[in-house]
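Each value in this text was obtained by applying a stated rule to the coordinates, not by laboratory testing. Note that this is a predicted model, so its numbers are computed, not measured. Cβ sites come from the backbone with ideal geometry, for glycine too, and all protein chains shown count toward neighbours.
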Amino acid sequence: MASVVAACDREPLLAEQLAERYHIPHHYSSLEEMFRDIKPDIVHIITPPKTHLQIGSYACELGSHIYVEKPFTVNYPEALQLIDIANRHNRKVTVGHIYHFDPAARQMRALVSTGLLGEPVHVEAIMSYDLETEFGRAFQYDSKHWIYDLPGGLFQNVISHLVEKVLEFLPDESPSVEVHAFLRNPALRKEESRILDELRVMLAGKEVTAQLTFSSNFKPAHSFLRIYGTKNTMEVDFNSQAVILRKGKQLPTGVGRIMTSLNIARQYQKAGFRNINRFLRSDFHFFAGMNCLLRAFYSCVLNNTEPPIPYDDILRTTRIMDLIFERLPQRT
């Protein structure tokens, strides 16, 4: 069983408030003091991305395994460096790709493993983001927010979720990358914001293509993954935690269309009842994927097994993100 033993933040008051809120026995404003007093087995790094390499390296060198919030690092060279340091000190590392472990994602993966999909041909990952959330308002009204220092701006804080989803079905090490990005939000345009809020990416390998869509404007906010296969097509609805199978063979004419609609409705209904059952068992919550990832990571630390996210996957995701950000139009 794991226990949270300390909270650390450069701002002492924030560290103290966090400790009081969650009944954490110790709080610090200095990493050096925390490691000297506590010597934690695992450190969760949830600071701005530009600090991930420094803090992660320091933690590994002093004997801690690390959970790193996304994005893993600012760029690919830093990711290589951090994983190399962890390996040299025999420490485990993972990154906060929590949606990879959502119940619907795990259900999808189990179905794909049976061959139901066939061979993937095209993958689409779609994610919308509400700028009126607490985080969105924070950077909109603070021109010195750390998000403005990232090569990918707003996109870099979130699109690792999209990239890692499609790379699961895109085996190519160096797919071609096409990028289109722009600012659409009228209020941000009026303020001449340096942030871009719409992103479209096309990745093309030898046999599989993928499309990423990130939007801060379409409503309602939702997240989908669609995998188009040689046998069937599969859709993962992350908001409703439903996996929908669209079968390749259908009955002819109007009857087939009616049956297809009823079949899709039945699948959503089944997912709804499954979610009700999980809710009644207090197992239906927003961070189900994070819970699964953390359990898997702590288990790998305890049993000295492979981390839940292979390091090659972390590095591929970071490398593709670099290629995307290199192609973004610059705003000054």
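Do you know which residues across region 83-102 are part of a helix (DSSP H, G or I), aliphatic (A, V, I, L, M) and under 19 Å from the mean Cα position of the chain (by Cα)?
Matches in region 83-102: ILE83, ILE98.
Applying the selection to region 203-227, what residues are of a type in the set (S, T, N, Q) and assigned to a strand (DSSP E or B)?
Listed by number, the residues that qualify are THR209, GLN211, THR213, SER215, SER223.
Quick one: what pairs do we get from region 52-79, first residue under 19 Å from MET290 (Cα atoms), second among the acidic types (Asp, Glu), C-beta under 7 Å, 6+ apart or different chains?
Short answer, once both residue conditions are applied: HIS65/ASP41.
I'd like the residue in region 164-195 that is of a type in the set (D, E, K, R) and buried (at least 17 other Cβ atoms within 10 Å of the Cβ) and, out of all such residues, is farthest from MET321 (Cα to Cα).
GLU168
When you scan region 152-197, how many residues do you find that are within 24 Å of PHE72 (Cβ to Cβ) and outside any helix (DSSP H, G or I)? Write out each step before concluding.
Keep residues of region 152-197 that are within 24 Å of PHE72 (Cβ to Cβ), which gives 152-179, 181, 194-197.
Of the ones still in play, those that are also outside any helix (DSSP H, G or I) are 152, 159, 168-179, 181, 194-197.
Matching residues across region 152-197 total 19.
Given region 228-332, what helices (runs of 4 or more DSSP H) lie entirely inside it while holding 2 or more residues that are without any contact (Cβ under 8 Å) to a residue 40 or more places away in the chain, under 20 Å from ALA104 (Cα atoms) and among the charged types (D, E, K, R)?
Once the helices (runs of 4 or more DSSP H) in region 228-332 are filtered for at least 2 residues that are without any contact (Cβ under 8 Å) to a residue 40 or more places away in the chain, under 20 Å from ALA104 (Cα atoms) and among the charged types (D, E, K, R), what remains is 253-280.
Name the residue that is nearest to ILE147 (Cα to Cα), counting only residues in region 1-30 that are touching a Leu at 6+ places or on another chain (Cβ under 9 Å) and in contact (Cβ under 8 Å) with a residue 24 or more places away in the chain.
Checked region 1-30; the qualifying residue nearest to ILE147 (Cα to Cα) is CYS8.
Taking into account only those residues within region 196-221 that are polar (S, T, N, Q) and surrounded by fewer than 18 Cβ atoms within 10 Å (Cβ to Cβ), which is farthest from PRO329 (Cα to Cα)? Steps first, answer last, please.
Initial filter on region 196-221 (polar (S, T, N, Q)): 209, 211, 213, 215-217.
Then keep just the ones that are surrounded by fewer than 18 Cβ atoms within 10 Å (Cβ to Cβ); that gives 213, 215, 217.
On the way: THR213: 17, SER215: 16, ASN217: 19 Å.
Only one residue fits best here, namely ASN217.
Step by step: first the residues of region 29-79, then only those that are of a type in the set (S, T, N, Q) and not in a helix (DSSP H, G or I), then the one that is farthest from CYS8 (Cα to Cα). Which residue is that?
Initially, region 29-79 is screened for residues of a type in the set (S, T, N, Q), giving 29-30, 47, 51, 54, 57, 64, 73, 75.
With the extra rule that they be not in a helix (DSSP H, G or I), the set shrinks to 29-30, 47, 64, 73, 75.
Working: SER29: 5, SER30: 7, THR47: 10, SER64: 15, THR73: 20, ASN75: 25 Å.
The selected residue is ASN75.
I'm trying to understand the selection: among the residues of region 72-99, which are in contact with a His (Cβ under 8 Å, 6 or more places away or on another chain) and not aliphatic (A, V, I, L, M)?
PHE72, THR73, GLU78, ARG91, LYS92, HIS97, TYR99
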